[in-house]
Amino acid sequence: VGAKQHAVIQAEAGVDIIVVSGTEGGGHCGSVSTMVLVPEVRRALKPYGNVPILAAGGICTGEQMAGVMAMGADGVWCASVFLPTTEAETSDNIKEKLVAFLRSTPNKTALAIVEPLLEIPGRMATD
C-alpha cells in the first residue's frame, strides 16, 4: 500500500500482512516516502491489533532495514536490490545498467497515464 487509508482498508478486510511501499519503491504506490509512510501506517493500524507490516521502497542496507524497523515495520520487502545479483535471472546487460544507474539520480516519469515509475535515463527517455 502507498497510503495509510489503503492500509486501513486492507486491515479491515482481514489481510495477514501489509507491505507498505514508499515512493522510493519505483513510485508505483504514490508520492509519500517510506520514512514518512511506515510510522504513519503503524499508527493508523493500532485499532486493528498487531497487523504485521513490511516496509518497501529504497531499502538496500542493514542500516536502512534497522531504520524502518525502529519506525514500526516488522520486516522489509526488498526487490530491485536483488536484480543485479549473481543468482538473479536478470540479463548481464540489464545488470550492468542497473549497477551504473546506482551512481545517477533517478528520474520520475509517467508512462502514458499509467503509474509513475523510476526511469533509467537514456535515449528512449530523452528522445
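The values are calculated or read from the model by the stated rules, or taken from the named source; none is laboratory data. Given the structure is predicted, the values throughout are model-derived calculations rather than measurements. A quick note on method: Cβ atoms are made from the backbone with ideal geometry, for glycine too, and the neighbour counts reach across all protein chains shown. These accessible areas exclude ligands, DNA and RNA; they are computed on the full protein's heavy atoms, side chains included. Shrake-Rupley method; radii C 1.70, N 1.55, O 1.52, S 1.80 Å.
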* Asked: How many residues are under 19 Å from the mean Cα position of the chain (by Cα) and open to solvent by 90 Å² or more (accessible area, probe 1.4 Å) if we restrict to region 88-102?
  -> 1
* Out of the residues in region 37-58 that are more than 13 Å from LYS4 (Cβ to Cβ) and of a type in the set (A, V, I, L, M), which is nearest to the chain's Cα centre (by Cα)? -> ALA56
* To do: Sort out which residues of region 1-20 are over 19 Å from VAL68 (Cα atoms), part of a loop (DSSP other than H, G, I, E, B) and open to solvent by 80 Å² or more (accessible area, probe 1.4 Å), and write them in order of number.
  => ASP16
* Residue satisfying condition, being surrounded by fewer than 16 Cβ atoms within 10 Å (Cβ to Cβ), within 14 Å of the chain's Cα centre (by Cα) and at pLDDT 85 or above, within set THR85, THR34, THR61 -> THR61
* Asked: What number goes with the only condition from (1) open to solvent by 30 Å² or more (accessible area, probe 1.4 Å); (2) assigned to a loop (DSSP other than H, G, I, E, B); (3) within 23 Å of ALA13 (Cα to Cα); (4) touching a residue at least 12 places away in the same chain (Cβ under 8 Å) that ASN50 does not pass?
  -> (4)
* Structure fact -> Within region 3-45, residues closer than 11 Å to GLY57 by Cα and among the β-branched types (Val, Ile, Thr) come out as VAL19, VAL20, THR23, VAL32, THR34, VAL38
* Within region 14-34, work out how many residues are touching a strand residue (DSSP E or B) at 6+ places or on another chain (Cβ under 9 Å) and farther than 14 Å from GLY75 by Cα. => 10
* If you scan region 29-47, which residues turn out to be of a type in the set (Ser, Thr, Tyr) and in a helix (DSSP H, G or I)? -> THR34
* Asked: Is one or more of the residues making up region 21-28 over 22 Å from PHE101 (Cα atoms) and either in a helix (DSSP H, G or I) or at pLDDT below 95 (or both)?
  -> no
* Can you name the condition, by its number, that GLY26 falls short on among (1) in contact (Cβ under 8 Å) with a residue 40 or more places away in the chain; (2) surrounded by fewer than 14 Cβ atoms within 10 Å (Cβ to Cβ)? -> (2)
